[in-house]
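Asks: Encoded as structure tokens, here's the structure I'll be asking about.
Since every read-out is calculated from the coordinates, none of them should be taken as a lab result. Note that the structure is a prediction, hence the values are computed from the model and not measured. Backbone-built Cβ (ideal geometry, glycine too); neighbour counts: all protein chains shown.
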Amino acid sequence: MVTAAQPATTSTFSPLTTWDGWQQFVDTPHAPARDADDQEWTLEQREDYHARFVVLKTPAMDAISIAVRRLLLLNRGQQGGARRGLIISGPATTGKTTAMQQLGRTVELADRRRHPNQDGCLPVLFITVPPSSTPKMLISEFARFLGLPTLERMNQIQITNAVCELLCEMGTQLVLVDDVHLMDTRSRAGAETSDQLKYLGERIPATFVYSGIDVEASPLLTGVRGS
């Protein structure tokens with residue numbers, strides 16, 4: 001039995017790649033627009049509103065949402081082997097990460113509506129691939145999100161087993177992995193990290209969605225591993 005650390009108390013900044021930060025993101029409703037002539041709307045409140053960058057729904061986001069809903073249904077009954085996944089690819093600064101995060105937020109809120117008052121569940125997990133990542137660095141990102149202590153004496157296999165066991169117990173349905181273009185499969189570390197992702201896709205009964213810059217033209221989809 002593996003027990004995850006509970007999310008930390010609210011802090012000034014909690015990245016979305018931590019349990020606490022992700023929950024804050026999901027729980028924070030979109031601020032409604034107010035009349036520009038509203039005298040009770042202070043300058044600081046106006047600045048905060050515009051700094052949040054209101055997310056507009058686009059046809060691309062609709063297409064991603066439909067594709068993932070289908071994959072969630074298809075993968076629900078998949079018992080063995082790697083499950084079907086999705087890659088979100090495009091030029092830099094075109095909203096790939098934003099689309100992925102909004103997708104995860106929608107899936108988690110929908111799961112909460114279907115299963116109210118159900119504690120100890122984690123429908124969605126969001127991580128980013130570290131630069132020059134190794135398999136241990138990648139699985140440590142999963143452990144960091146979950147709040148699992150990754151002691152120096154723990155090896156890659158031990159961390160992987162702890163992460164997979166916990167995500168299975170918590171019923172994780174969707175794993176979001178950002179910046180996959182940082183994995184260069186032409187290097188040994190990049191190739192082994194790619195293999196680690198495939199292994200996690202087989203161990204964790206969830207749908208994996210990847211996002212990266214021009215992934216179709218990157219080394220990630222070339223060679224035996226790419227196929």
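Asks: Just name one of 24, 14, 132: the one whose Cα is farthest towards the positive end of the charge dipole of the chain (beta-carbon charges, Lys/Arg +1, Asp/Glu -1).
Replies: 132
Asks: GNM on the chain, C-alpha springs below 10 Å: top fluctuator among 166, 182, 73?
Replies: Judging by the Gaussian network model, the answer is 73.
Asks: Right, here's the next one. With a cap of 12 neighbouring Cβ atoms within 10 Å, and only residues DSSP puts in a loop, list the trypsin sites (Lys or Arg not before Pro) found in the stretch 15-84.
Replies: When the trypsin sites (Lys or Arg not before Pro) of the stretch 15-84 are filtered for loop state and at most 12 Cβ neighbours within 10 Å, 34, 52, 57 remain.
Asks: Once you treat every alpha carbon in the chain as an equal point and sum by Debye, what is log10 I(q)/I(0) at q = 0.08, 0.10, 0.12 Å⁻¹?
Replies: -0.32, -0.49, -0.70
Asks: Using DSSP H assignments, which helices in the chain have an axial alpha-carbon span of 24 Å or above and a mean Kyte-Doolittle hydropathy of -1.0 or higher? Let's see the in-between values first.
Replies: Numbers: long enough: 59-76 (26 Å, 0.71); 96-114 (27 Å, -1.11).
Result, helices passing both filters: 59-76.
Asks: Then there's this: If you place +1 on the Cβ of every Lys and Arg, -1 on the Cβ of every Asp and Glu, and leave all else neutral, what size is the dipole of the chain about its Cα centre, to the nearest 20 Debye?
Replies: Working: 22 positive and 25 negative charges, 205 e Å.
For the chain, the charge dipole is close to 980 debye.
Asks: Something else about it: Using a Förster distance of 22 Å, how high is the FRET efficiency between residue 63 and residue 113, based on the Cβ-Cβ distance and rounded to 0.05?
Replies: That gives a FRET efficiency of 0.40.
Asks: Have a look at 54, 212, 116 and report the one farthest towards the positive end of the charge dipole of the stretch 41-226, computed about the Cα centre with Cβ charges (Lys/Arg +1, Asp/Glu -1).
Replies: It is 116.
Asks: Compare the peptides 85-92, 192-199 by average per-residue count of other Cβ atoms within 10 angstrom and give them in order, highest first.
Replies: On the way: 85-92: 15.5, 192-199: 18.8.
Highest-to-lowest ranking by the protection proxy: 192-199, 85-92.
Asks: Moving on. At 7 Å along Cα-to-Cβ for each site, give me the label-to-label distance between residue 195 and residue 84 in nm.
Replies: 2.9 nm
Asks: Compute the distance in nm between two label points, each set 7 Å from the Cα along the Cα-to-Cβ direction, one at residue 153 and one at residue 50.
Replies: The two pseudo-label positions are separated by 5.6 nm.
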